[in-house]
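Down below is the structure, laid out as structure tokens.
The values are calculated or read from the model by the stated rules, or taken from the named source; none is laboratory data. Keep in mind it's a predicted model, so treat the numbers as computed, not measured. Cβ atoms come from the backbone with ideal geometry, glycine included; neighbour counts cover every protein chain shown. When the accessible area is computed, the model is the full protein with side chains, heavy atoms only, and any ligands, DNA or RNA have been set aside. Shrake-Rupley method; radii C 1.70, N 1.55, O 1.52, S 1.80 Å.
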Amino acid sequence: QVQLVESGGGTVQPGGSLRLSCSASGSIFSISAMGWYRQAPGKQRELVAGIGSFGATNYLDSVKGRFFISRDYAKNTMYLQMNSLKPEDTAVYYCNLDIQKVVGASSSSYWGKGTLVTVSS
């Protein structure tokens with residue numbers, strides 16, 4: 001079994017910062033792609049930031065320069081540093097990891113349960 005635990009969500013004023021974490025545990029051989037998605041009320045889920053096996057990153061245009069994704073390979077943990085937060089960043093944020101459970105097996109996609117980020121004055 002694989003478990004994903006997200007933390008770091010909460011309520012912050014516009015211009016504030018939050019740091020999200022997503023830790024994976026259980027039967028894990030390797031983790032390739034990792035990403036943060038978000039879903040605002042009435043909207044589709046969208047990719048906010050992604051990081052590949054070798055550290056290459058990509059970002060949603062609206063968060064470039066404000067959000068920064070990183071990973072700790074030893075801890076199987078991914079982070080999302082969110083700065084200069086705006087009300088339009090309000091959403092439930094989900095982590096997604098491509099995990100290979102045993103050597104030679106194909107990777108499967110796993111989702112966290114989500115953490116709510118609210119940006120409001």
Partner lysines whose C-alpha sits under 18 Å from that of LYS113, ignoring same-chain residues fewer than 8 away, are LYS43
Taking a ≥ b ≥ c as the square roots of the eigenvalues of the Cα gyration tensor, with a/c under 1.5 meaning rounded and otherwise prolate when a/b exceeds b/c and oblate if not, the stretch 21-65 is oblate
For the chain, the accessible surface attributable to carbon and sulfur atoms (probe 1.4 angstrom, ligands and nucleic acids excluded) amounts in percent to 51
Sparse-neighbourhood loop hits (chymotrypsin sites (Phe, Trp or Tyr not before Pro), the stretch 1-50; DSSP loop; Cβ within 10 Å at most 15 others) -> PHE29
Between VAL103 and SER53, the two model label points (7 Å from Cα along the beta-carbon direction) sit apart by a distance in nm of 1.5
When all Cα-Cα pair distances of the chain are considered, the percent exceeding 16 Å is 58
The lysines whose Cα lies under 16 Å from the Cα of LYS86, excluding any fewer than 8 residues away in the same chain, are LYS64
Regression test value, accessible area per residue of the chain, probe 1.4 Å, units Å², expected 53
